[in-house]
Amino acid sequence: MATRPISAEDHDRIAEAIRTAELKTDGEIYCVVARASEGYFFPAAFTTTIGLFIASLAVAYGLEGLWLTIRLPHFVLAQLLALASVFALLWFLPALRIHFVPRRLRYQAAHANAVKQFLARNVHRTQARTGVLIFVSIAERYAEVVADSGIDAKVGQHVWDGVVRDLTKHAGDNRLADGFVKGVESVGAVLAEHFPVTEGDTNELEDHLVEI
């Protein structure tokens, strides 16, 4: 997924796409992109610890098969040094951590962050409960559309899945900003179909992309 920073021009394009989409609907669209949804030090440390112990067993059996011996204190010391080295790498090179975390845990963390942002940004506080969050977490290669109850009751999950597919495809091509613009347009069309703009409609959420 894209790692290129989103420029000020990209922010302006996304904000304009949100404003344009909301001209046709009473719904509200909010966009958030996270560099990562979790630090992952402890999950990565746990995974690498298990891996090192398995490797230690393999080495021990290998030495025995070769009729070689090593004193137990030396063997334990080697294990501890290897473990300390791995922990130091994980601590000082955070980008390594996610590679040792199972995809299921990464997606769980990203989904939890999406829900957290949905609530923290008050997307659930719109008058007609028609707020929609478009969320991307770059490190996890994860995207999600979170819709409030008003719109979710009328729109099937397959619709949001289609938006996510387009968004992740753009992100995979290092065109994350274009993906957000396209996603906003798609979500806006869905909102306009089910909740067309009415007289007296007000803008309830800020029209911009938030980076966290």
Checklist entry - Restricting attention to the range 36-66, which residues are surrounded by 12 or more Cβ atoms within 10 Å (Cβ to Cβ) and β-branched (V, I, T)? => result T47, T48, T49, V59
Item to check | Residues (within 17 Å of the chain's Cα centre (by Cα) and in a helix (DSSP H, G or I)) located in the range 171-205 | outcome: A171, G172, L176, A177, G179, F180, G183
Checklist entry - Can you find even one residue in the range 109-118 that is touching a residue at least 60 places away in the same chain (Cβ under 8 Å), surrounded by 14 or more Cβ atoms within 10 Å (Cβ to Cβ) and not hydrophobic (A, V, I, L, M, F, W, C)? => result yes
Item to check | Identity of the residue in the range 191-212, surrounded by fewer than 19 Cβ atoms within 10 Å (Cβ to Cβ) and among the acidic types (D, E), that ends up nearest to D26 (Cα to Cα) | outcome: D201
Item to check | Enumeration of residues in the range 42-75 that are of a type in the set (G, A, S) and farther than 24 Å from P94 by Cβ | outcome: S56, A58, A60, G62, G65
Next on the checklist: Name the residue that is farthest from F46 (Cα to Cα), counting only residues in the range 67-79 that are exposed (fewer than 11 other Cβ atoms within 10 Å of the Cβ) and hydrophobic (A, V, I, L, M, F, W, C).
Outcome noted: W67
Checklist entry - Can you find even one residue in the range 167-190 that is more than 21 Å from Q117 (Cα to Cα), aliphatic (A, V, I, L, M) and crowded, with 16+ Cβ neighbours inside 10 Å? => result yes
Checklist entry - Hey, does the range 156-170 have a residue that's without any contact (Cβ under 8 Å) to a residue 24 or more places away in the chain, assigned to a helix (DSSP H, G or I), over 23 Å from T25 (Cβ atoms) and within 18 Å of the chain's Cα centre (by Cα)? => result yes
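We did not get these values from a lab; they are worked out from the coordinates using the rules stated. Keep in mind it's a predicted model, so treat the numbers as computed, not measured. In this analysis, Cβ positions are derived from the backbone assuming ideal geometry, glycine residues included, and neighbour counts consider all displayed protein chains.
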